[in-house]
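Data block below; observations after.
Readers should treat all values here as calculations from the given coordinates under stated rules, not as data from a laboratory. Everything numeric here is computed off the predicted structure, so don't read it as measured data. Positions of Cβ are backbone-derived with ideal geometry, glycine not excepted, and every protein chain shown enters the neighbour counts.
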There are 4 protein chains.
Amino acid sequence: MTDDTAPSPVRLKAVAGPGQPDPNPALEALYRGFEAELLVPLWTEIGDLMPKHPRSKAMPHLWRWDRLLELAGEAGRIVPVGRGGERRAIALANPGLGGRPFATPTLWAAIQYLMPGENAPEHRHTQHAFRFVVEGEGVWTVVNGDPVRMSRGDFLPQAGWNWHSHHNAATAPMAWIDGLDIPFSYLTESQFFEFGRERVASSEMGTPDRSRSERLWGHPGLRPLSQPESPSATPLLAYRWVDTDRALADQLALEAEGHAGTMSPGHAAVRFTNPSTGRDVLPTIRTEMHRIKCGASTVKRQEVGSSVFQVFEGSGTVKVGEREWSVKRGDMFVVPSWAPFSAQCDTSATCLDLFRFSDSPIFEALNAHRSTTIDGSSTLEARG
Amino acid sequence: MTDDTAPSPVRLKAVAGPGQPDPNPALEALYRGFEAELLVPLWTEIGDLMPKHPRSKAMPHLWRWDRLLELAGEAGRIVPVGRGGERRAIALANPGLGGRPFATPTLWAAIQYLMPGENAPEHRHTQHAFRFVVEGEGVWTVVNGDPVRMSRGDFLPQAGWNWHSHHNAATAPMAWIDGLDIPFSYLTESQFFEFGRERVASSEMGTPDRSRSERLWGHPGLRPLSQPESPSATPLLAYRWVDTDRALADQLALEAEGHAGTMSPGHAAVRFTNPSTGRDVLPTIRTEMHRIKCGASTVKRQEVGSSVFQVFEGSGTVKVGEREWSVKRGDMFVVPSWAPFSAQCDTSATCLDLFRFSDSPIFEALNAHRSTTIDGSSTLEARG
Amino acid sequence: MTDDTAPSPVRLKAVAGPGQPDPNPALEALYRGFEAELLVPLWTEIGDLMPKHPRSKAMPHLWRWDRLLELAGEAGRIVPVGRGGERRAIALANPGLGGRPFATPTLWAAIQYLMPGENAPEHRHTQHAFRFVVEGEGVWTVVNGDPVRMSRGDFLPQAGWNWHSHHNAATAPMAWIDGLDIPFSYLTESQFFEFGRERVASSEMGTPDRSRSERLWGHPGLRPLSQPESPSATPLLAYRWVDTDRALADQLALEAEGHAGTMSPGHAAVRFTNPSTGRDVLPTIRTEMHRIKCGASTVKRQEVGSSVFQVFEGSGTVKVGEREWSVKRGDMFVVPSWAPFSAQCDTSATCLDLFRFSDSPIFEALNAHRSTTIDGSSTLEARG
Amino acid sequence: MTDDTAPSPVRLKAVAGPGQPDPNPALEALYRGFEAELLVPLWTEIGDLMPKHPRSKAMPHLWRWDRLLELAGEAGRIVPVGRGGERRAIALANPGLGGRPFATPTLWAAIQYLMPGENAPEHRHTQHAFRFVVEGEGVWTVVNGDPVRMSRGDFLPQAGWNWHSHHNAATAPMAWIDGLDIPFSYLTESQFFEFGRERVASSEMGTPDRSRSERLWGHPGLRPLSQPESPSATPLLAYRWVDTDRALADQLALEAEGHAGTMSPGHAAVRFTNPSTGRDVLPTIRTEMHRIKCGASTVKRQEVGSSVFQVFEGSGTVKVGEREWSVKRGDMFVVPSWAPFSAQCDTSATCLDLFRFSDSPIFEALNAHRSTTIDGSSTLEARG
């Protein structure tokens, strides 16, 4: 961690090159003047600051689930969870981002681990978060007093500034992944945090099958009239695998019957949305589930903004920029901004299911989103 | 500039402390495992990453206009302007931001300088920009073929991805300030850049008093029916001082007559807005002009997001966090995120006019804006 | 039907009264001058045109389902369905609206009836429509080639300008209700209509259990990525009773467990919404299902705009303005603008389920919505 | 006026015709059954209710300004203005609309007349209104205590539910036109009305050159920070002729210099907009000023919704459907929904300036707007 209190100096060096003034004593003197006044000329920086297209500091990288799980399990054994550290969460540190716990310049991705009977204490923060469960069960996340079950395939969004805690009501440890916009909040310096109650009411430690939020908001196209609008983030706290799976299967079945429904042949996809607006579940994070059927591929695509993927089921090959990996259940990888991405399902697998989250809503909200498929059609998208 | 190709290692150290696991060999082994797999636990980072409120890396800092102008003039004499370096722009480097040309974590602020007869070559970029003229005249900015005059007090917004160049048609050098969202685009890796024509058509090198954009869009409350909507950024390319000055004077006159109109006693303010939407001129940058009358002060306030100010006229005292400066025409200073800010006009001055730009639209678009006055009322604002 | 080609004269009569000029020869002469020039003074009309609050021409009225069904069945026997007449639909004519087929000044409500093997021909119109099925089954509505099953309790919205036809694939007749904004379109003169194909492709005459629209859009909170946005009207063509029933039951169960969820004690309600926006299914028509449990009542309420209700299940008492009726399955009634309304479930019934449609979205879109509960709190609502 | 309390019977007659069932005794019996139950079948009504495109009941019609002024002046002499009648306003009664004071099915247009020293009493209503001044001066409209001057060419919007009165501070009578959405509010039964104070405070009877609203909101692109947002209607209470005239002249000058700016050759146009949103000044009424230069014409066009025009200056020929008139200053005419419209400036006139108001915002808000130019391009417009 850097010492925040020491001012950092400006260092300038006159070097010959295209677009650069020829080094000479007057230029050196000018640069010393700039340094003294904390000034930096554009002409020495423009190549890095204003590239022709995004050139991410983040690198494509893959983390293997078995190693993540092994280390998280070891942490479960020797690192207690409680107030102060708050969560037994272990974050992916992109090799291009200076050893910081940033999966991408905007996104945090971590494996969280809770031992039987453990509680992760209540707090709230303006950072937006979600949980996704690749395997296991037994933990409930309590959001503003509403316990939400976590099981394989479930997606639990968690909008900023809601009180939440976790408790493991089972006899086995449980792991899941957390996604947040911590790096974005950190870089833009816009975050708030508060500790919650030391002890959550026992009435909130229940283990119901369905949360109250699901009973109110989990019915397709039906808005509960008693509930206020929820424009900025979803009021639905769990998206169950049974629904997601059926939606993906329906798309592939429609394709098989000759109807529109898939993104491209063999590629089905859904976005998790706020039922009160139809928009992304969180203001800063987009979340989707993709299913690529046996032997099929996605269209190669690049877009502004970064993504993190986790393989939910099946096996296949993914290409990110110049990198290519064989992947299987639980593996996580990063697609940096503007890096071309495609995925293919193995011919030996029924399908390749990929959970994806990205920072696209940030760019759409600011009219800065752009994407292109490599075979061609580019779009400079505006928000509707 | 860092070498982008070398992966950065993770370095973890077990240290005793509140919320930290006790150092021991098992923990050390675990940390070595984390390092090998590029993982970082939350518990060692949470204090820095998730503070109770924004704690900016940026520092309050003041740049004196006479020094900026002196160094820019020296650059005018020895550094040519042309393709490659693109602009003779010299950026404020906040002392807390590692020597990079970032006034704040999201905003770029620079003095630009053009010698008589010089041209700054045509280009375009997705970064949003504006010019503000504290003194001088003689330069026209040509935007998509429309030459826009620049004179003292004028504000010229420049939405991303529009072709633009500058030419000095006068016999004296001219300086002005540029504001852009370069750091934000850089950190979120969302920027595109293109070089334009080597030579702008002579028909575009005119020096009209009013630009075509002003003749179409510069009439209060009147939309030209022939023009398309312009939802994401303003179609009006110049906001003239005569209008801004009159609007501020009207507010103080209304106050003097006993009517509402000012922000607080003696403090008038206008925001530059897109006439086709009434919203900010640019998706990522808010721009305002404030007038504090003789002896009056603003209410002390803190808000999420950072600002850069330039004194347009008058003299006074500004307080930013723990810092306090006497300021006069042209001086520029930075207000970091959540740092308390207030300003007072000298009793010897008619008024203190402050031009301000900030990154507030980013936070409003993402429902993350929050502000408070120090005497009390806090708001967690949502975008309507 | 009026003869559209004959101009209608203005007729004015000078009468004494508050706010009226005293009758005298000069006034009479003035009024003759007004008549000759097709002019009408405000002062003779203001009481009718600008009342203190809405005073509807429409009257509260009840239509009994058994009579509707009987007459529709008789029509089924003697009136053929086909091109020209287009639909065997029989509309409610509010007794206050001049014998026109207008349930309210803005809404059309009709019973439609289709004999076994019959087809209602394909057409499209800009008027927005829906079907609601109080009992029966066997008909499919084909929307742009997508056959949609109609069964008891199902709600089928039908946005304007989509091709549609109906066919009865069963061995018994079937009845349902149609709701449209025909009167609103008629009064504002904004409607278009087109005949479709003489014969729908046999591939479109299928009888699938689920429509393609449901397979794409009928999963809670999940947006199919292959589908375009649908901002103005819902892409989901059927809302099934199983979902609606469960949502209402969940609200009452939450209430029973001590949690928020109902509108008022014993009163559950859901609104049918566009899953791509969370807003009303149609730009001009709001649709809801209300469940009042045994012995419970709704809060008495009045609001701008008119509603039509149909009893879906159970029995109870409804009060509309000065009128009061005992109602049971299928009965339909009208609540005029600003008429106080409440409903109570019989103590002998499990619940009273009321399907409701109204013109509220028109007023919300134009910032003219207002509602109040009789015990008090008034709101002048603005659209978010 | 109809007696609102007597229910109106349904009258049905079996007649032979395309799409109609053959008359026979069973059909007659069925129709008697329908009548008894207040039911009307679609098949007898569909031609009138669901035409292929809008067929307006309203007729194209022209009112001459000299006659309007003459009759209004006569009313000024013999009809007092005061509480009860409220306004000396005389409305255009479209010959197709049953002698009611409706210029079109949705719009009210009237000439209002105030004698020297007279006051029109304070009231408020939810109907949206505006004033437009074709000639004269001397009256101030006081809106929520803010006196607004009315002079030739000025446009004064008046959003619903604001208190307002008028007073003539001059020594001559003054006339102007009022536009409101009275018919729309009446037909949709959504209106509220309240009487105001018997006597407006003398401090509100001032005659300032500029209103407070203009001093706050009348500066191009500048939003006063002290003022709340005003999303549903404009906070600017006067649009002055000097600005409107200059905006139109600028467009024609741009055209003359070879630049884009006009609608079509010689046809300049501006829309009056809410400076806080860029949208229409009122939720239900669009207002525009058009200038056709000497000898030029507009493109023939038809659109959903109705318009009322007043000639502000110059002379020319206007075509509405099958009608054609020579028009000059002050003349008013109606363009019904979907009626083709074009206008041409006389070769003897400098220009033809047309003030126009229409109900387009209603249709845009409801996604029902559609327009086409007769030479071709049709659009089914959606609101952005």
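So here's what we get for this one:
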{"item": "Net charge over other residues, Cβ less than 15 angstrom from the Cβ of D:His125 (K, R count +1; D, E count -1)", "result": "-1"}
{"item": "Mean separation of Cα contacts under 8 Å, 6 or more apart, over the residue count of the stretch B:1-134: relative contact order %", "result": "17 percent"}
{"item": "D:Ala253-A:Ser326 FRET efficiency (beta carbon distance; Förster radius 56 Å; 0.05 resolution)", "result": "0.25"}
{"item": "Shielding by other protein chains, D:360-373, mean Cβ within 10 Å", "result": "5"}
{"item": "Whole-Hz couplings from phi, Karplus 6.51/-1.76/1.60, listed for the stretch C:41-48; x for Gly and Pro", "result": "x, 4, 5, 8, 10, 4, x, 7"}
{"item": "Mean Cβ neighbour count within 10 Å, used as a protection proxy, ranking B:21-27, C:124-130 highest first", "result": "C:124-130, B:21-27"}
{"item": "Test item: D:91-100 mean partner chain Cβ contacts at 10 Å", "result": "6"}
{"item": "The protein assembly as shown: C-alpha gyration tensor shape, a/c 1.5 cut-off, then a/b vs b/c", "result": "oblate"}
{"item": "Nearest-ten-degree value, helix B:65-78 long axis tilted from longest Cα axis of chain B", "result": "80 degrees"}
{"item": "For D:Lys328, inter-copy label distances in nm, listed shortest first [label point 7 Å out on the Cα-Cβ vector]", "result": "6.6, 7.5, 9.3"}
{"item": "Angle in degrees between helix B:25-37 and the longest Cα principal axis of chain B, rounded to the nearest 10", "result": "40 degrees"}
{"item": "Mean Cβ count within 10 Å, highest first, over the residues of peptides C:132-142, D:359-369, C:66-76", "result": "D:359-369, C:132-142, C:66-76"}
{"item": "Square roots of five times the Cα gyration tensor eigenvalues for chain D, Å", "result": "38, 28, 21"}
{"item": "Under-5 Å amide H pairs with A:Phe192, H placed in peptide plane, nonlocal only", "result": "A:Thr126, A:Gln127"}
{"item": "Alpha-carbon centroids, the stretch A:288-350 and the stretch B:109-123: separation in whole Å", "result": "46 Å"}
{"item": "Amide H contacts of A:Asp346 (H built 1.01 Å from N, under 5 Å, at least 5 apart or other chain)", "result": "A:Gly295, A:Ser315, A:Gly316, A:Thr317"}
{"item": "Which of D:Glu198, B:Glu86 has the fewest Cβ neighbours within 10 Å, and the rest in rising order", "result": "D:Glu198, B:Glu86"}
{"item": "Computed [θ] at 222 nm, deg cm²/dmol, chain A (DSSP H ≥ 4; -39,500 (n - 2.57); rounded to nearest 500)", "result": "-5000 deg cm²/dmol"}
{"item": "For A:Ser326, D:Ser226, B:Ser56, A:Ser202, order by how many other beta-carbon atoms lie within 10 Å, fewest first", "result": "A:Ser202, A:Ser326, D:Ser226, B:Ser56"}
{"item": "Partner lysines for B:Lys293 [C-alpha distance under 18 Å; skip if fewer than 8 residues away on the same chain]", "result": "B:Lys319, B:Lys328"}
{"item": "Karplus 3J(HN,Hα) series, Hz, for the stretch D:228-243 with 6.51 cos²θ - 1.76 cosθ + 1.60 (x for Gly, Pro)", "result": "x, 5, 9, x, 8, 7, 5, x, 8, 9, 8, 10, 7, 4, 4, 6"}
{"item": "Formal net charge of residues neighbouring C:Leu225 (Cβ-Cβ distance under 9 Å; K, R +1; D, E -1)", "result": "+1"}
{"item": "Pairs of Cα atoms farther than 16 Å apart, the stretch A:248-356, %", "result": "60 percent"}
{"item": "Label-point separation, C:Ala201 to B:Asp209 (7 Å along Cα→Cβ), nm", "result": "6.6 nm"}
{"item": "For C:Ala89, distant residues with modelled amide H under 5 Å away", "result": "D:Leu42, D:Trp43"}
{"item": "Options B:Leu248, B:Leu180, B:Leu156, ranked by Cα towards positive dipole end of chain B, top entry (Cβ charges)", "result": "B:Leu248"}
{"item": "Spin-label pair A:Ala26/C:Ile78, simplified geometry with 7 Å Cα→Cβ offset, distance in nm", "result": "10.6 nm"}
{"item": "Pseudo-label separations to other copies for B:Val15 - Cα-to-Cβ vector, 7 Å, nm", "result": "3.4, 9.1, 9.4"}
{"item": "Cα centroid separation - the stretch A:41-78 against the stretch D:177-222, whole Å", "result": "59 Å"}
{"item": "In order through the stretch D:162-173: 3J(HN,Hα) via Karplus (6.51 cos²θ - 1.76 cosθ + 1.60), integer Hz, x for Gly, Pro", "result": "9, 5, 7, 8, 10, 9, 9, 9, 9, 9, 10, x"}
{"item": "Computed Kirkwood radius, in angstrom, where 1/r is averaged over Cα pairs of the stretch D:61-217", "result": "16.0 Å"}
{"item": "Cα shape, the stretch A:130-243, gyration tensor, a/c 1.5 rule", "result": "rounded"}
{"item": "Sequence of B:Tyr186, B:Tyr113 once ranked by neighbouring C-beta atoms within 10 Å, starting from the fewest", "result": "B:Tyr186, B:Tyr113"}
{"item": "Peptide-level mean, for D:257-265, of C-beta atoms on other protein chains within 10 Å", "result": "3"}
{"item": "Net charge contributed by nearby residues that have their C-beta within less than 15 Å of B:Ser151 (K/R +1, D/E -1)", "result": "-3"}
